[in-house]
1. What number in nm² do you get for chain A if you take the convex hull of its Cα atoms and divide its surface by four?
2. Roughly how big is chain A's charge dipole about its Cα centre, with Cβ charges of +1 (Lys, Arg) and -1 (Asp, Glu), in debye to the nearest 20?
3. Enter the mean number of other protein chain beta carbons within 10 Å of the beta carbon of each residue in A:107-115, as an integer.
4. Could you tell me how far the Cα centroid of segment A:28-45 sits from the Cα centroid of segment A:178-225, in Å?
5. How much accessible area does B:ILE57 have with a 1.4 Å probe, in Å² rounded to the nearest 10?
6. Which whole number in µm²/s is D for chain C by Stokes-Einstein, with the Kirkwood Rh taken over Cα pairs at 37 °C and 0.692 mPa s?
7. Cross-link partners among aspartates and glutamates for B:LYS137, C-alpha distance below 14 Å, same-chain residues fewer than 8 apart left out?
8. Once the Cβ-Cβ distance between C:PHE43 and B:SER100 is put in as r, and R0 is 25 Å, what FRET efficiency do you end up with, to the nearest 0.05?
Amino acid sequence: MTTMTQTAPLVRVDGVTKRFGSGDKEMVALSGLNLEVREGEFLSLLGPSGCGKSTALNIMGGLLEATEGTVTFSGEQLTEPNRHIGMMFQQAVMFPWRTTLENVLLPVEIFGEKKKDFIPKAEELLEMVGIKDFRDSYPWQLSGGMQQRAALCRVLLHDPKLLLLDEPCGALDEFTRESMNQELLRLQDYAKSTAVLVTHNITEAVFMSDRVAVMSARPGRLVDIIEVPFDRPRRPDLQTTNDFIKLVAKARQMLELQ
Amino acid sequence: MAQIAVDSSPKKKNFLRSPYMLTIALLPIILAAWWLATTVTKSVPAILLPTPESVWIAFPRVLGADGFGDQVLRTLTEIAGGFALGASVGFFLGVLLSSSSRLRAAYLPFLSALEAIPTVILAPIIIAWIGFGIEGKILQAAIACFYAVFITTLSGLGLAEPNAVALMKSLRASKWQTMVKLRIPTALPVIFGGLQLGATTAIIGAIVSEFIGATGGLGYLMLRYRSSFDTAAYWVIIFLFLVIGLVVYLTIWYIEKRFVFWRRIEVTRPDLEKQ
Amino acid sequence: MTTTAPPPTPARSAPTPGPTWWERFRGGSAWIVITTVAVIIAFWEFFPQTGLVNRVLFPTFSETVAAFVQLLGGGYWWDDLAKTMSAVAIAWVIGVAFGFTMGVVLGTSPFMRQAITPYAIAVQALPKVVLAPLLIGWLGFGPESKIALAVIICFFPVWIDTMVGLALPSANEFKLMKSLKASRWQVFTKLQLPSALPMIMVGVKHALLLAFTGVIVAEILSASDGGLGKLTKEFASQLNMGLVYSVVTIVVILSITLVSIADVIERRVVFWSEESRARRK
Ligand SMILES: Nc1ncnc2c1ncn2[C@@H]1O[C@H](COP(=O)(O)OP(=O)(O)O)[C@@H](O)[C@H]1O
Ligand SMILES: [Mg+2]
């Protein structure tokens, strides 16, 4: 009876393999990936560059088709992008001909909804990430960190159930990255959504996540999953505690053992 | 203008489904349309576009005509001479202006004005000055192609990254060394774009100049064929110009590909772009 | 664009006593310009008087200025000006519309774009002015032949720049649109077209110049209808070089004005493009 109380996973990745090219040019980017993402958790995909993290994420977002295997989202098989899934990439992808606010409102236009209905929410989000004063500026008048914050607002505008984050802080400097990560955690909690973060930064993965899925390179496979037991909200000084350092060391060892 | 380039990506396995099958398939369609328009429906006047057969038949007649080789040679000389002259002056001035911000501030506005001027307007002056001979055609072609090479050289030389310039400075490289070892190699891909454009405009300059007044050359020949209403022969020379244009284009493209191999290659992910 | 301040820039350092006007003049580039222009005018004025060249073909500077004043006062060239400019305008509009349509039709799908590229290269490699005598022979000496030639010459950059521009968005940008399940039409209007616009504007500007070139070539080659090109050729054949220079000067002023206007419009329309931004600085 106790198993019945456990909620079904939000995402279920079942034996997903992805091959690019064909014939002698064929390369296996991802091999037999099995993964469950639980409702409300923060999961990281950790692995060296080129191990297929982005590929896995793109398949979970419906951007890429798996060669073999299936992805289930909210109990239904996922074959195309879904408006309950929001994605963020390493680049903020801001259109230079739109102001910050207009960029944040882009999904509203694509979904064919009324912009007016979403302006208050967009402004609220911009305020939360501290760039409300720049709502009418163009992206090229913003720093990289500010652009990425705006991208975060854009992705949160429609309360996605699932956030897929492909190294969203990868292009930022260390300080900006740290505060951006705090922002991410805060807003994920606020929006009560589930998040999958792709990163090759071990500390970041451990600090942010409830669980860290460690992947190996070529062909990309899942090595193991590390549970991260620390309480939330997490403060930066967590990173200097012994328990934290031990977990980081464990993850590092897993990555190096392959 | 944007560059269009021959695609040099690795061969696709499935050639039958590649876009180039469509390219090949379009050729007979174009020929058929030409034939239909001139022979069957006769919707295009023969004075503009003769039938494919008549052009085909005219080929040996035009190419075998007395002194034809001389005319071709003359036009090619004009184009090559004009291109060589215009491109060298353009390159030299580009380097000169890039090396001094003062010269740039002083002369760039004048030279930039050249971009806006339809250089053909100078043709009557050049002919009045130096007559119908080959020198005038070379000068016209040179003026036509100068600007493209000049401006691409100048802007290309400014493309070197600040970090790379700092590196050269830290090595105590001289201005000349920085130019030869950093700025010019960085600029080459851009300069080749200018050469490509310059070659095209040099050809145009030479032809226009021949049309306006010449004693020989392919343009002169074209006018003669037209005044005797031999449109088929005229089209043979149009095709010849197409061949000349293509050969020049591909030659420059090949040289660039061969010697500017470090040109930045765009990384594309076709599976994501195709949608 | 002036609504909010960009990220703060470091404050200017306190003003130091400025250089005298003479130091500024010496250090700047104005004296180079002035000297150069003075040398050219002096050469222009005195070289023909040395007798080394034919005075008829090389009028002095003052004679040229006199001719220019005479031309401006004469007023008979207004008609030619109108003929040239109206032909340029019509050809430009047609050429841009045609080139843009071709670019969109052939450029939206990568497959089509690749298939058509060899033909685009062929069209680029062919010097399209070779068609001038044929067009004049067919359409006569009126405005039609000028316009036809100018259209054929000027549609090309618009076509290519549209085609290339539509392919400019990065894989990431396409990915964002795809993750939002944008339709093809939405991808086109919200991503591809705005991304392409700066490049299309370059093509449109280039087309303006080419239309001008096309019209002038046709005017020089055909004889009767009039226009600035024909005027130049006529004066040249009368060996009235002062007037030839004057007409050429008018053409130069016109084209530079047109291009400057086009530049201003371009910066307004595609204010976000890197080039517009660089020029604003
Ligand atoms: N569209 C594609 N075509 C061919 N190979 C690809 C493509 N996308 C990714 N790959 C390859 O698959 C492997 C995994 O890529 P990716 O998922 O981007 O890695 P990661 O995000 O972990 O750095 C890499 O070797 C990459 O070169
Ligand atoms: Mg990646």
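1. Here the figure is 15.7 nm², rounded to one decimal.
2. Once rounded to the nearest 20, the dipole reads 80 debye.
3. 3
4. 10
5. Near enough 120 Å² of accessible area.
6. Translational D for this selection: 144 µm²/s.
7. Within the straight-line cut-off, B:LYS137 pairs with B:GLU78, B:GLU210.
8. Efficiency, from the Cβ-Cβ distance: 0.60.
The values are calculated or read from the model by the stated rules, or taken from the named source; none is laboratory data. Small disclaimer: the values here were computed from a predicted structure and weren't measured. Ideal geometry is used to build each Cβ from the backbone, glycine not excepted, and the neighbour counts take in all protein chains shown. Surface accessibility is based on the protein's heavy atoms, side chains included, excluding ligands, DNA and RNA. Shrake-Rupley method; radii C 1.70, N 1.55, O 1.52, S 1.80 Å.
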